[in-house]
1. Quick check on my filter: what residues within the range 65-114 are without any contact (Cβ under 8 Å) to a residue 24 or more places away in the chain, assigned to a loop (DSSP other than H, G, I, E, B) and among the aromatic types (Phe, Trp, Tyr)?
2. Within the range 204-241, count every residue that is over 20 Å from ILE57 (Cβ atoms) and either among the β-branched types (Val, Ile, Thr) or part of a loop (DSSP other than H, G, I, E, B) (or both).
3. List, please: which pairs have Cβ atoms under 6 Å, are six or more places apart or on different chains, and start with a residue in the range 150-176 that is among the charged types (D, E, K, R) and end with one that is surrounded by fewer than 21 Cβ atoms within 10 Å (Cβ to Cβ)?
4. Which of the residues belonging to the range 113-143 are of a type in the set (S, T, N, Q), surrounded by fewer than 24 Cβ atoms within 10 Å (Cβ to Cβ) and farther than 27 Å from LYS39 by Cβ?
5. Checking the condition in contact with a strand residue (DSSP E or B) (Cβ under 8 Å, 6 or more places away or on another chain) and of a type in the set (Ser, Thr, Tyr), which residue from SER91, SER87, SER135 passes?
6. Is it the case, given these coordinates, that SER28 is more than 28 Å from LYS218 (Cα to Cα) and hydroxyl-bearing (Ser, Thr, Tyr)?
7. Could you list all residues from the range 147-175 that are assigned to a loop (DSSP other than H, G, I, E, B), closer than 15 Å to ILE236 by Cα and not polar (S, T, N, Q)?
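The values are calculated or read from the model by the stated rules, or taken from the named source; none is laboratory data. What you see is a predicted model, and the numbers here were worked out from it, not measured in a lab. In this analysis, Cβ positions are derived from the backbone assuming ideal geometry, glycine residues included, and neighbour counts consider all displayed protein chains.
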Amino acid sequence: MLFYLGLMYNKSMNKKKINYFKSADDFSVPYLEYVPDDKTKSAIVLVYEIFGTTKHIHNFAEKLAKKGYLVYVPDIFSRIEQEVNLSYDKSGFKKGIYLKEKLGWDHPVMDVVALASLLKQRFKVTCLGFCYGGSIAWIATQKSFLFDKSVCYYGSSIPDFLDKKINNPTMVHFGKLDTGIPEEKVEKVKSFSKNQEHDLIVHEYDNADHGFNCEDRKSYNQESANFALEKSLQFIDKSYD
């Protein structure tokens with residue numbers, strides 16, 4: 001069953017009912033919810049790229065829900081503009097960078113943790129993010145003790161945040177063709193992993209560029225995307241108890 005911005009999307013009426021959660025500063029943040037038809041394995045807070053709530057994010061959340069995961073997608077840009085859905089081109093990139101820089105890191109990390117706290121009452125919770133969202137998931141992993149797992153896809157800023165340990169098992173995915181995250185930066189993350197109390201698993205993909213998981217980008221690489229998803233779900237399902 002698919003829910004949009006909280007609940008419920010009625011196709012016949014073409015309307016959305018928006019639900020909100022209160023973040024730590026009492027700001028009301030809208031969210032998307034995707035509910036499995038069958039028994040829920042665990043929950044995932046899915047954090048989008050700088051392009052916002054694109055079709056890619058909807059498709060990926062649907063895919064996760066079909067595999068048994070309850071998925072919440074916080075609209076972290078809503079503090080500036082709600083329901084951002086940008087195109088994967090220069091204009092979309094420019095606006096996305098503007099929103100990211102205006103918003104900063106503190107508020108989106110706080111919002112992600114606040115939303116996860118609602119899920120944590122009933123489920124084990126993973127924070128999973130792409131690009132900008134992957135970096136947010138990484139920082140949230142360092143600042144919070146709430147998550148059971150974290151999965152970070154090509155988070156460009158991850159190598160810039162290696163000053164604090166991770167507080168839960170974490171998996172990161174990088175494409176070797178990604179010039180924005182060159183090999184020397186990936187090596188820093190690998191070195192960082194050696195001194196952690198929790199597992200930090202680094203996967204690299206030979207023929208993959210930045211955004212390799214997104215079917216709407218030129219850099220989409222189906223083989224790498226499928227492999228990364230398989231490894232991610234195995235990791236999420238793995239028990240560390």
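1. Of everything in the range 65-114, nothing turns out to be without any contact (Cβ under 8 Å) to a residue 24 or more places away in the chain, assigned to a loop (DSSP other than H, G, I, E, B) and among the aromatic types (Phe, Trp, Tyr).
2. Final tally of qualifying residues: 6.
3. Here the result reads LYS164/GLN142; LYS165/GLN196; LYS176/GLU204; LYS176/ASP206, each pair linking the range 150-176 to a residue that is surrounded by fewer than 21 Cβ atoms within 10 Å (Cβ to Cβ).
4. Within the range 113-143, just GLN142 meets the criteria.
5. SER135
6. Yes: the conditions hold for SER28.
7. Across the range 147-175, the qualifying residues are PHE147, ASP148, PRO169.
Every residue, every condition in (1) among the hydrophobic types (A, V, I, L, M, F, W, C); (2) surrounded by fewer than 17 Cβ atoms within 10 Å (Cβ to Cβ); (3) modelled with pLDDT of 95 or more, yes or no:
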position	(1), (2), (3)
PHE60	yes, no, yes
PHE77	yes, no, yes
TRP105	yes, yes, yes
ASP148	no, no, yes
